[in-house]
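> Can you read through this structure? Questions will come right after.
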């Protein structure tokens with residue numbers, strides 16, 4: 001086993017374990033900080049995949065932007081709201097959670113099916129790229145190409161994402177400033 005594989009397995013374990021903790025924890029503060037670990041671990045996986053720009057974007061946008069928004073919404077929310085969230089029933093499996101459990105089980109079956117039936121070495125586009133010797137090498141500079149494409153070919157989706165993030169910010173501020181009697 002090479003060092004790269006070992007690092008991948010360590011990072012993947014950190015990401016999966018922290019994501020499971022986020023999903024199962026009742027304490028919101030611990031969930032937010034474990035989400036922080038999950039996002040950093042995911043950025044580490046992007047670095048291992050030689051996607052350095054995506055890794056930096058992951059840290060800047062998600063850790064620096066979205067997670068800070070979540071922290072501010074948590075800090076600005078009323079103590080009564082947080083107490084109600086923590087006083088909910090603690091049953092892991094209940095009838096009200098049945099649709100979510102069925103959907104998760106269906107998604108798991110589809111993922112396992114795709115993993116078992118996919119032969120990554122014989123995929124057409126992988127053969128085409130390796131045959132043309134167009135693989136990304138660790139010393140390639142990709143950020144110039146990404147910047148040019150973001151400002152020309154993908155300008156509309158880039159702006160749509162910025163509007164979506166602004167709407168999330170306005171929504172978080174609105175929810176945090178609601179009066180005590182209204183819901």
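Bear in mind these aren't lab numbers, they're just calculated from the coordinates by the rules spelled out. The structure presented is a predicted model; accordingly, all values stated were derived computationally and were not measured. So basically every Cβ, Gly included, is an ideal-geometry build from the backbone, and we count neighbours across all protein chains shown.
> By the gyration tensor of its Cα atoms, with a ≥ b ≥ c the square roots of the eigenvalues, what is the shape of the stretch 1-83: rounded for a/c under 1.5, prolate for a/b over b/c, or oblate?
Oblate, because a/c is 1.5 or more while a/b does not exceed b/c.
> Give, in nm to one decimal, the length gained when the segment between residue 165 and residue 10 is fully stretched (0.36 nm per residue of separation minus the Cα-Cα distance).
Answer, rounded to one decimal: 52.7 nm.
> Right, next: Quick one: if the Förster radius is 41 Å, what FRET efficiency do residue 116 and residue 23 give, using the C-beta to C-beta distance and rounding to 0.05?
For R0 = 41 Å, the calculated efficiency reads 0.95.
> Based on other C-beta atoms within 10 Å, arrange 33, 107 from fewest to most.
The order, fewest Cβ neighbours first, is 107, 33.
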